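In what follows, a structure is listed as structure tokens, so that the remarks can point back to it.
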Amino acid sequence: MEKSKKLLDNKKVSFYNSIFNKHIFILFGFISITCVVSDFYFKTSNLTIPFLVTTLISSIITFIGIPKLKKIKIKQIIREEGPKNHFLKQGTPTMGGIFFIPVGIIISNILYFNKDNHDIILTLSFVIIFFMFIGFIDDLLSLKKRSNTGLSSNQKILLQSFISLIFIILCASNNFLPHNISIANKIVNIGDIIYPLGIFVLLAESNSTNLTDGLDGLLSGCSVLIFTGLALTILIDNPSNDFTLASVCIVMAGSCMGFLFLNKYPAKLFMGDSGSLAIGASLGGIALISNQLWSLLIMGGILAAESISVIIQVSVFKISKRVKGKGHKLFLMTPLHHHFELKGINESLIVNSFWLVTLFLVMINLIFH
């Protein structure tokens, strides 16, 4: 009886995984068609070729990089308090962000080299590269310590805040940041509040993406959808700098898509903090300059939910411990995807579901924008 149950469970897992692998190609096809339609509808739009080229280059470079990481033993350390089934992933190469993030940055700069708004690309490149570098240091320290924790939370926040401050100063000196922001189709003048808000957005977004990166293909797939949604939203609004930033978005989507082909379950490579922090910084930076903070909040609902679940879990535990003398947990484990894992839901099914929610949120944003 027990043997047949195990066999049934294995068949169910294989079924979910095969469906998941098909969904990756469906996602790639869907984004490609969306780019073609966008280029047809918006006469000055140029999304299709950059997306396809970046996806191809990102996939090739990531594929070539995997054996290099294995050779120098850059392998994932699984935290002991995490879900037990994650120990099967122990030894998978990590730090994949150092391959696919630079691809997005380099192609974005090539597209707009010596053209109008190249200074915007350079400013965004600065914040993305340095957030990737912070993640790189964190990943290296994790490997050196043989633990899942590299930089301490305070060290990471301090470094992120410093880079964010420089980014905001660069944006302010070049008048890249709008003082009138759009919130639910209403224009709100926030004046100089945009500067501290900008730092908060970069910190919040990068740490949200960092928390979301916990299952094979979860963050990379959601990022492809959010970057594409951000590109389309920017094109629809049609203010100045639109087509530049839309192209950057779709290049970053292609960069994540190329990585996703190797990050799908079972992952051949993890992005590490070098990838997740850089993705968050790029989303936050683009949304700030393009005045799409509200749209990013909607489309990045999954990212926000992951962060909020951690905040709620910690708060409830500390308050209940102080009041009752014993800490109470609202979720089985956080971030949120681990809660569903411990509920017994298949990893691929969780990832697919989070992708679908993200797609739904992207469509909601575009419909009501």
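The values are calculated or read from the model by the stated rules, or taken from the named source; none is laboratory data. Just so you know, these numbers come straight off a predicted model, no measurement behind them. Positions of Cβ are backbone-derived with ideal geometry, glycine not excepted, and every protein chain shown enters the neighbour counts.
Taking ILE129 as the residue in question, decide whether it is touching a residue at least 12 places away in the same chain (Cβ under 8 Å), of a type in the set (A, V, I, L, M) and closer than 19 Å to GLY284 by Cβ. In short, yes. Under the condition of being under 17 Å from LYS268 (Cα atoms) and either at pLDDT 95 or above or surrounded by 14 or more Cβ atoms within 10 Å (Cβ to Cβ) (or both), the residues counted in the range 65-87 number 10.
Among the candidates ILE31, ILE24, ILE110, ILE101, the residue that is within 20 Å of SER125 (Cα to Cα), within 19 Å of the chain's Cα centre (by Cα), at pLDDT 85 or above and in a helix (DSSP H, G or I) is uniquely ILE101. Exactly one residue out of CYS171, CYS256, CYS222 is touching a residue at least 12 places away in the same chain (Cβ under 8 Å), surrounded by 17 or more Cβ atoms within 10 Å (Cβ to Cβ) and either over 20 Å from VAL127 (Cβ atoms) or touching a strand residue (DSSP E or B) at 6+ places or on another chain (Cβ under 8 Å) (or both), and it is CYS222.
Among the residues of the range 183-210, those identified as surrounded by 13 or more Cβ atoms within 10 Å (Cβ to Cβ) and touching a helix residue (DSSP H, G or I) at 6+ places or on another chain (Cβ under 6 Å) are TYR195, GLY198, ILE199, VAL201, LEU202, LEU203, GLU205, SER206, SER208, THR209, ASN210.
Reported count of residues in the range 40-66, each being closer than 18 Å to VAL224 by Cβ and out of contact with any Asp or Glu (no Cβ under 8 Å at 6 or more places or on another chain), is 15. Candidates are the residues of the range 113-132 that are crowded, with 23+ Cβ neighbours inside 10 Å and not β-branched (Val, Ile, Thr); the one that is farthest from the chain's Cα centre (by Cα) is LEU124. Within the range 161-196, being under 20 Å from the mean Cα position of the chain (by Cα) and of a type in the set (A, V, I, L, M) holds for one residue alone: ILE163. Apart from one condition, LEU177 fits all of (1) part of a loop (DSSP other than H, G, I, E, B); (2) under 30 Å from LYS70 (Cα atoms); (3) in contact with a Gly (Cβ under 8 Å, 6 or more places away or on another chain); the exception is (2). Give the residue that is modelled with the lowest pLDDT, with candidates limited to residues of the range 144-169 that are touching a Ser or Thr at 6+ places or on another chain (Cβ under 9 Å) and part of a loop (DSSP other than H, G, I, E, B). So, considering only residues that are touching a Ser or Thr at 6+ places or on another chain (Cβ under 9 Å) and part of a loop (DSSP other than H, G, I, E, B), the one modelled with the lowest pLDDT is ASN148.
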